[in-house]
Every structure is written in C-alpha cells, then in structure tokens.
Amino acid sequence: MSRVQIVLFSKNGWDRGAQGVAGAGRRLADGLGAELHAVVLGPADDALKNGLAAAAQKVQVVSALEEYQPEPALAAAASLCDGAAAVLFGNDTYSQEIVPRLAHRLGGAPMADAQKLEVKDGRIHVTRSAYGGKALSEYVMKATPAVIWVRSRALEPAEGDVGGAVEEATVELPEAKLRITERHEEAQEGASLEEAEIIVSGGRGLGGPEPFEQMLAPLADVMHAVQGASRAACDAGWVPPNWQVGQTGKKVAPELYLAIAISGASQHLLGMGDSKVVAAINTDADAPIFKHCSFGIVEDYKNVVPLLTEKLKEMQS
Amino acid sequence: MNILVCIKQILDPDLPARDFKIDAANKEADPKGANKVTNIFCENALETALQLREKAGGGKVTAITYGPEGAEDSLRKALAMTVDEAVLVINDKHSKPDAIAVGKVLAAAARKLGDFDLVMVGRESGDWGLGQTGGVLAEELGLPSLAFVDEVDPDGDGLKLQRQTDNGSEVATVKPPALVLITNNENNVPRIPKTRDVMMSYRKPLQKLTLEELGVADEAVGDGHTAFEVTNLYVPEKSVSCEFVQGDSLDEKVTELARRIHGIVASVN
Ligand SMILES: Cc1cc2nc3c(=O)[nH]c(=O)nc-3n(C[C@H](O)[C@H](O)[C@H](O)COP(=O)(O)OP(=O)(O)OC[C@H]3O[C@@H](n4cnc5c(N)ncnc54)[C@H](O)[C@@H]3O)c2cc1C
Ligand SMILES: Nc1ncnc2c1ncn2[C@@H]1O[C@H](COP(=O)(O)O)[C@@H](O)[C@H]1O
C-alpha cells in the first residue's frame, strides 16, 4: 500500500502547526487511498507522540537527533521517507530549509507554502500564492515523491483516532560538516505572532524605532496585542526581523490586524490576508491597505495612536 | 575567498496590483508594461558577498545568471555594485525552466568556472516565490547548506554564518566549500552603485556560456520534463470595502475607531 509521510521537528511539540500538518497528511492519505506515516526528527514528548498516533498508522521517532543539525536531519528524513508518494512538512524554519534538498535527493518534486492540497485522478494538486500575493496559482505534482511544506496553522487538524503505533527509528547519521553552534530564542511575552488573536503592526511611515516603542507598544498593551511590522520597518533595523509579516515573514490569522503606517503592498497582504478583521491608520486614503480593510482612519498616526490608547483604556475601566 | 552569487531577473514585484495582468494562455504574468529587475534576495546576496570580500581582505565575487540575453542587465547592475566577474548562461530555448533544471545548469556552470568557497543564492524569487533553487543546487554540488542566512563572516579558515529562525537566530560554522541561501536584514540592504561604477560596468567583460558548452543535455533541463506544472493562474476576487470612521473632529473619529476596536478586543479576551 502506498503511503503519505509527514515529518515534524520535536522542538515545536504538538502545536497548532503540527496539528495542521497531521490533518493535511490524514486527508491527503485518504484521498490517495494510502496509509499515513509520521516521522519526528528529535526526541518527541508524549503530547506529540499521542497526537501523531491518533492521525497516523505509524510514528517513527529519531531521538538520536537531539538538536537540529541540517545534514543529519536531511539524511534521516531521506532514509525514512524513501518510497513515499508524498511527504508533508510544516512552515517552520527547519522544514522550509529541508524540503527542496529532500525532494531532489529522492528524485521528487518540491513545493512551497501550499495553502490547499487536493487529489484529482490520483494526482496531487496544490494551490498557493504567486507573484507576491497578486495571484493564486495551482499546480499538479508530477515527480514522486511530492515533497511539500504547507501553511500548517491555517489547515484543519485531523479527526478521529487511527490508533497508530509509535516506535524508535534508528538511522545512520552522517557527520555534520556545517554545525549550528549557537541558538538564540527571543524571549516572547505571551502569544507568538502566528498564534496572536490581535496584532498591532507598524510600517515605514512610522519613521523610526521610537514610535514602535513609545506609541505602538502602549497601544498593543491595552489591546492585549502582539506587535508586528512590515519588511520596510524590519530592513531599517527598527524592529527585529522576526516581527516581519508577509510573503517572507510570518503568516498570521488574528481576529484583528491593525496596520499603522503600512501601505499594504501585495507581499505584506500575503502574510495577513487570513485576518478576520483588518483596520488601518494611514495618511493616504489611496493606500492599497484600505482596499483590504473593514474600517480605517485617514490621519497621521502621531495624532491617532496616543488618543486611541487613552480611549481604549477608558472603555476598559 | 572565491564566491559565486546566483542572481535571477524577474518581473518587477513592485508593479501595483491594479496594473498586474495575467497571460492566461502561458499561465504566467503578462510581461507587457512591467520592468524587469534583479530579484531582491539576489541583491541581498550580492551585498552580503561584497561585504564578505571586504571583511576577508580580498577575494573574488562572480555573479551568474541563467536566462535570456536580456538578463545581461541584471549582470551589469551586479558589476556596477562592483562584483569582479559576470557570467550569463544563455537560455534561448526553455520558456519555463523549473528549479531542478536551473539547479542542474548552475551546478554545471559552477563546476566549469572553478573552485568556489561559497555559493550564494537568494531565499526565493519575487515572482513565483518557490525558494527551491538553492536546495537543488546544494544537492547537485554536494555542499552543506544553510537557509535564511543574513550575515557571513570569516572565522579562521572557515566561515561563521548567522541566520534567522522562527523566533530568533542561530549561528553556524562551516569549513568551505558551502552554500547559503540569503534573506534580508538591516545590514544587507543592497548598495546603490556609484555613477562612475555604473559607467564602468558597461566596459567590464561579461562571459557568455551556452548549455552545449556546459555539456548539459537538453532532455535534462528542457520543457515538458518539469517536476510539476502550473495548471491555473488567476487573480482572486476581493470583496472588502473599507468604512472610514466618521466624525466632526479628530476626537470623534478616534472615539469611533476605539469603539470598534474595543468591540473586537473585548470579544476575544
Ligand atoms: C520578494 C519580496 C518579498 C517581500 N516580502 C515582504 C514581507 O514579507 N513583508 C512585507 O511587509 N513586505 C515584503 N516585501 C516588501 C513590500 O513589497 C513593500 O516594500 C513593503 O511591505 C513596504 O512596507 P511599508 O508598507 O511599511 O512601507 P511603504 O510602502 O513605504 O508605506 C508606508 C506607508 O505609511 C504611510 N504613512 C506615512 N507617514 C504616515 C503617518 N505620519 N501616519 C500614518 N501613515 C503614514 C504612507 O502613506 C504609506 O502608505 C517584499 C518584497 C519582495 C520583492
Ligand atoms: N535562472 C536563475 N539564474 C541564476 N540564479 C537563479 C535562477 N533562478 C533562481 N536562482 C537563484 O535561486 C534563488 C531562489 O529562486 P527560486 O528557487 O526561483 O525561488 C534566487 O534568489 C537566485 O539566487
């Protein structure tokens, strides 16, 4: 029987991303009439093992990969995914890094940032953005395996429990020529951008780092929001790179996305298009962001943000 | 330090959405009316390479592209940014090469051009945004690779790489040769070439190579052999209309804005 393989990194645990990959894998396997198998690269905790065993017939854990290193991780994935019809990954750093190499090593076809997977006539079809979010594109995968990273948090988790078996997998791991020697995680208060229900995002129009700290941070505070930014603000060094929302930044889906002094370039919209409600503060009534807003205000942020913060405080008390 | 930077020319991604048209028959963007520019991440890669050359106290940076004759413009711009050599692998046959074909062609060129300590590519192209070429090329050349790199420094006889992750950064070390996929940060914003260097760039030599000269067989990289195929390309409908908050004064307008925001915030928390 043919099989679909999902690959997860133990570091992220059984988070919403992992659940989305498992759901996508389950549905793809059902569509192809295949089994679903899962590989965990790194020592998995019980939540991850149990979550996966509910969705996949077989779960293989490579505990020997204590910490992620690109070459051993790639080698382990290649040896365990060989022969699969399709291999799915999430959209974290390590997954995005591994997918093209793994696809080529296995003689298959790589695909990035899949928003939708479908099976038609036994072939895998993928829908994703193209041209910086200005268009949607559909692909049919021709080479096998199709090795795809999916926009995992936006995909439904799997239903039911197939009662899969969990086992330890032993694979031969090559010596790493390239070694990751330092790992820095930014201390994050509360939710991450990807998990945030409310986001306050700032752009180039803010003019510098100070407004992010002095005006947007207090506003985000009263709104219980996580702060984000456009690429322009990140490139200027005003805020860290991992605040970036967009095509090459975080893909977010909050209840409310408040864009302040952001023009709304297609590449930015690509990252926040799944927001329930978008609102904007911008001096330019013709800024493209207003074409994607539910409500907005055409004013200088300097006049709006402090006043808005004050009013929200009053409403809450 | 001998560095190869792979660059790609694409349709200007800054083309406003209202001017963006699709050529339905070819399932690609209609090139009419759009400029061609070097992919931004390739320019970030060029900038990173040039800074590394400075930090290493010398070395050679070669820019290469696989594309039509018109892609020469991107190489001239790279020369104006002061890369040392430029190579155009001419593609006058294949309308839509995929990453696997491009990776094979670039690997053949890299082998022919000499021993590179470091191969650099962009994290993804601003047109299709697939981000596959670097991985394929690393496999073809058998090199260790790291993605999302935003800084490269000399480190004894090796290299120190810094890269972005989902919620922070990582540092890696490697002895050359290696391949890195470059992403943007505040330090690799591409330099604006000096007028003098722009003029000079047209006098610098530019090497052109054909697929025959590289010994790449047509079947290996030709149309119809792609690992996947585009079946549809369209502009999605958007039906949101923005309501601008109303009021006679700034205070009234912001109060209305606050009321709407408060409604959502209160429902979430
Ligand atoms: C391949 C590729 C990938 C990309 N990926 C991303 C990505 O992931 N994320 C991303 O964001 N971008 C991305 N970009 C860049 C994108 O195209 C835009 O350049 C960027 O989003 C612009 O950022 P911005 O809106 O902050 O700046 P601008 O476009 O300069 O907009 C600034 C806005 O601020 C407004 N403004 C100015 N002053 C004030 C004021 N006092 N009060 C209120 N409003 C004011 C202006 O009217 C304007 O609308 C990518 C580009 C490419 C080519
Ligand atoms: N035709 C090409 N010639 C040279 N480099 C390329 C070409 N296509 C892609 N690349 C490189 O691969 C990176 C990622 O492109 P892609 O895989 O198309 O998203 C680009 O930023 C370039 O560095």
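The values are calculated or read from the model by the stated rules, or taken from the named source; none is laboratory data. All of these numbers come straight from a predicted model, not from anything done at the bench. Cβ atoms come from the backbone with ideal geometry, glycine included; neighbour counts cover every protein chain shown.
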Handout entry: Test: B:GLU69 is away from ligand 1 (no atom under 16 Å from the Cβ), assigned by TED's automatic domain parsing to the domain that holds B:ASN188, surrounded by fewer than 16 Cβ atoms within 10 Å (Cβ to Cβ) and within 20 Å of B:ARG191 (Cβ to Cβ)
Key = no
Practice task
Give the residue, chosen from B:ASN188, B:ASN184, that is under 30 Å from A:ASN282 (Cβ atoms), more than 8 Å from chain A (Cβ to nearest Cβ) and touching a strand residue (DSSP E or B) at 6+ places or on another chain (Cβ under 8 Å).
Solution key: B:ASN188
Exercise for the section: Test A:GLN247 against the criterion of being surrounded by fewer than 24 Cβ atoms within 10 Å (Cβ to Cβ), among the polar types (S, T, N, Q) and within 16 Å of ligand 2 (Cβ to nearest atom), and give yes or no. Expected result: yes
Practice task
From the list B:LYS55, B:LYS27, pick out the single residue that is within 14 Å of chain A (Cβ to nearest Cβ) and either more than 9 Å from ligand 2 (Cβ to nearest atom) or of a type outside the set (A, V, I, L, M) (or both).
Solution key: B:LYS27
Fill in the blank from the handout: Counting only residues in segment A:229-245 that are within 21 Å of A:ASN91 (Cα to Cα) and without any contact (Cβ under 8 Å) to a residue 40 or more places away in the chain, the one nearest to the other protein chains (Cβ to nearest Cβ) is identified as A:PRO241
Practice task
Give me the pairs, please: first residue somewhere in segment B:61-74 and within 14 Å of chain A (Cβ to nearest Cβ), second residue anywhere and more than 6 Å from ligand 2 (Cβ to nearest atom), beta-carbon distance under 9 Å, and either six or more positions apart or on two chains.
Solution key: none
Exercise for the section: Mind listing whichever residues of segment A:93-123 are surrounded by fewer than 24 Cβ atoms within 10 Å (Cβ to Cβ), within 10 Å of chain B (Cβ to nearest Cβ) and of a type in the set (Asp, Glu)? Expected result: A:ASP113
Completion exercise
Residue count, segment B:114-142, condition under 18 Å from B:ILE10 (Cβ atoms) and in contact (Cβ under 8 Å) with a residue 40 or more places away in the chain, comes to 12
Practice task
Identify all residues within segment B:195-207 that are loosely packed, with under 13 Cβ neighbours inside 10 Å and either among the aliphatic types (A, V, I, L, M) or under 22 Å from the mean Cα position of the chain (by Cα) (or both); write none if there are none.
Solution key: B:MET199
Handout entry: Residue selected from segment B:30-52 under the condition more than 10 Å from chain A (Cβ to nearest Cβ), β-branched (Val, Ile, Thr) and within 11 Å of ligand 1 (Cβ to nearest atom), by the criterion surrounded by the fewest Cβ atoms within 10 Å (Cβ to Cβ)
Key = B:VAL37
Handout entry: Qualifying strands (runs of 3 or more DSSP E) (wholly inside segment A:10-106; at least 1 residues being under 21 Å from A:GLU195 (Cβ atoms) and under 17 Å from the mean Cα position of the chain (by Cα))
Key = A:86-89
Exercise for the section: Check whether at least one residue in segment A:151-173 is basic (Lys, Arg), closer than 30 Å to A:GLN60 by Cα and more than 12 Å from chain B (Cβ to nearest Cβ), and report yes or no. Expected result: yes
Practice task
Kindly indicate whether any position in segment A:300-316 is near ligand 1 (Cβ under 9 Å from one of its atoms) and within 8 Å of chain B (Cβ to nearest Cβ).
Solution key: yes
Handout entry: Residues of segment B:220-269 that turn out to be farther than 19 Å from A:GLU138 by Cβ, outside any loop (DSSP other than H, G, I, E, B), facing another protein chain (nearest Cβ under 7 Å) and of a type in the set (Val, Ile, Thr), as a count
Key = 6
Completion exercise
With the first residue restricted to segment B:30-52 and required to be hydroxyl-bearing (Ser, Thr, Tyr) and in a helix (DSSP H, G or I), and the second required to be at pLDDT 95 or above and within 12 Å of ligand 2 (Cβ to nearest atom), Cβ contacts under 7 Å at 6 or more apart or on different chains are B:THR48/B:MET120; B:THR48/B:ILE182
Exercise for the section: Among residues belonging to segment B:106-135 that are near ligand 2 (Cβ under 8 Å from one of its atoms) and among the β-branched types (Val, Ile, Thr), point out the one that is surrounded by the most Cβ atoms within 10 Å (Cβ to Cβ). Expected result: B:VAL121
